[in-house]
Amino acid sequence: MSAFSPDLASRRRALRTAGLLSGIAAGAWLGAAEAPAKLVSTGLGPVTVSLVMVCGVFLARWSLPALLQGTSAVGADIRRAPHLVIWAILAGSLWSIANTLTVYAIRDVGLSIAFPLWNSNSLLGILWGALFFGELRGATGGQRARVIGGAITLCAGATLLALASTHEAAQGSAARGVIAALGAGVLWGTMYIPYRKAYLTGMSPLAFVSFFTVGELGCMGIIALTINGASATATELAAARGVIFWLMLGGFIWVIGDLFQQYAAKYVGISRGIPLSNTNQLWGLLWGTLVFGELRRDGISLPLVVAGSLIMAIGAAAVALAATGDKEHDRWRDAAELEARRYGVDLEWVRARLVGAASTPPRRTWIDWTLVAISTAVFVFVARLAEAPALAMDLRWVVILCIVTVALLAAAGTVLWRTTRFN
């Protein structure tokens with residue numbers, strides 16, 4: 001703690017700023033990552049789309065930590081809290097199932113509508129944060145009111161979007177798409193329990209995601225073999241080689257957004273960080289309408305989707321901006337110390353990492369550069385096979401949205417590095 005600031009209140013404010021910026025950047029990058037899933041409309045099966053995206057995710061979740069901190073930092077965290085490996089793998093498995101459901105949802109009700117529905121995970125994030133990790137305990141009445149009022153507003157927005165889906169989706173597919181999107185929300189909401197356990201205990205997000213992805217790829221492989229079978233999966237992958245790069249790129253982009261989401265969960269809690277990162281619903285709306293022209297502009301769908309998305313954004317903002325006070329932070333510390341005692345983790349290490357202190361400076365070895373080189377080589381190989389997607393897109397809006405997204409990456413990444421050294 002003393003390596004950063006002698007003033008604990010000042011340190012907490014700095015971490016809160018880093019967490020809020022991370023949540024905003026997460027929304028932009030998670031929103032951009034789902035755009036390649038539109039390739040499902042070219043005839044690829046949802047399971048194959050999800051499998052290829054997870055392959056991109058796997059490469060990113062090992063190469064980015066290797067590049068930013070080095071695998072030695074990952075190993076150091078695991079040695080301190082080895083029990084979190086199991087929690088990370090469990091969280092990754094839940095992610096894979098949820099991600100597969102989102103592809104079905106996009107196919108049946110469209111990107112602009114599916115996004116806000118699965119973002120009902122905010123409600124579960126608030127619930128689990130309050131029940132298990134001391135979030136909202138010690139908060140003022142006004143702070144609780146903003147969180148509860150924001151949650152109710154999120155539900156109202158989701159209801160509008162569910163109504164809109166009955167107009168936009170093909171007959172017979174709307175209910176299936178809505179169920180898939182809401183199911184993804186439930187799984188992602190539950191996935192945040194391992195997140196918060198890891199970060200209260202002291203693990204770095206970069207270490208957590210390295211093992212998180214083992215569960216992702218393993219579970220996704222089982223899903224593909226169970227639903228499609230090995231032969232059908234191989235056949236579909238061979239036929240889809242022209243779009244594999246775009247789907248893997250979507251997975252890579254998702255990891256960047258998810259990393260920011262993890263830092264938001266670490267430094268402002270899941271009850272605030274997750275709703276803030278779920279502004280990806282608005283980015284999904286922008287990509288779906290401006291880039292892909294997803295909604296009819298002369299029917300009832302567009303007004304309902306816009307109204308529902310804005311209402312949900314207001315609710316998310318109310319939840320996320322309900323500032324955490326010193327008393328609530330003290331409850332977080334109590335929850336962290338309980339986790340430390342339960343699993344036999346060094347208490348001083350947990351306390352230091354709770355305020356973003358680095359245990360060791362980043363150090364990279366030949367192993368790290370090898371991981372980065374392998375990941376780069378795979379992406380270069382599939383990029384050489386890539387074909388332009390057979391989808392109508394407005395390239396002007398693609399450029400504009402990409403510029404804004406990269407700017408948010410630079411801003412949030414800089415603040416995180418200066419404040420926490422990515423711990």
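The values are calculated or read from the model by the stated rules, or taken from the named source; none is laboratory data. These numbers come from a predicted model, not from an experiment. For neighbour counting, all protein chains shown are included, and Cβ atoms are generated from backbone atoms with ideal geometry for every residue, glycine included. These accessible areas exclude ligands, DNA and RNA; they are computed on the full protein's heavy atoms, side chains included. Shrake-Rupley method; radii C 1.70, N 1.55, O 1.52, S 1.80 Å.
Relative to the longest principal axis of the chain, what angle (0 to 90°, nearest 10) does the C-alpha long axis of helix 174-201 take? Helix 174-201 sits at roughly 20 degrees to that axis. Centroid-to-centroid, using Cα positions, the stretch 12-37 and the stretch 321-358 are 22 Å apart. Taking the Cα atoms of the stretch 203-249, the ratio Rg/Rh between the radius of gyration and the Kirkwood radius comes to 1.12. Calculated accessible area for the stretch 345-423 comes out at 62 Å² per residue, all protein chains present (probe 1.4 Å; ligands, DNA, RNA ignored).
What percent do you get for the relative contact order of the chain when only Cα pairs under 8 Å and 6+ apart count? Write down the numbers at each step before the final one.
Details: 746 pairs, mean separation 149.5, N = 423.
RCO, the chain: 35 percent.
The stretch 58-101 and the stretch 244-275 have Cα centres lying 13 Å from one another. The helix-only estimate of mean residue ellipticity at 222 nm for the chain, built from DSSP H runs of length n ≥ 4 each weighted as -39500 (n - 2.57), is -26000 deg cm²/dmol after division by the residue total. Ignoring ligands, DNA and RNA, what percent of the accessible area of the chain is carbon or sulfur (1.4 Å)? Of the solvent-accessible surface of the chain, carbon and sulfur hold 69 percent. Starting from the Cα gyration tensor of the stretch 40-106, take the square roots of the eigenvalues, sort them a ≥ b ≥ c, and report rounded, prolate or oblate (rounded when a/c is under 1.5, otherwise prolate if a/b is larger than b/c, else oblate). In terms of gyration-tensor shape, oblate.
Charge tally around Thr140: other residues with Cβ under 10 Å, Lys/Arg +1 each, Asp/Glu -1 each, net +2. In the context of the full set of protein chains, residues of the stretch 53-135 present 28 Å² of accessible surface per residue (probe radius 1.4 Å, heavy atoms only). Counting only heavy atoms of the protein chains and using a 1.4 Å probe, Thr233 has close to 10 Å² of accessible surface. Is the chain rounded, prolate or oblate when judged by the Cα gyration tensor, a ≥ b ≥ c being the square roots of its eigenvalues, rounded requiring a/c under 1.5 and prolate requiring a/b larger than b/c? Oblate shape, in that a/c is at least 1.5 and b/c is the bigger or equal ratio. Applying the Kirkwood pairwise sum to the alpha-carbon positions of the stretch 355-414 produces a hydrodynamic radius of 15.8 angstrom.
Shape verdict for the stretch 298-423, please, from the Cα gyration tensor: rounded (a/c under 1.5), prolate (a/b greater than b/c) or oblate. Cα axes put the stretch 298-423 in the oblate bin.
In the stretch 243-348, Cα pairs under 8 Å separated by at least six residues give a relative contact order of 24 percent.
By a 1.4 Å probe calculation restricted to protein chains, Thr190 has an accessible surface near 50 Å², given to the nearest 10.
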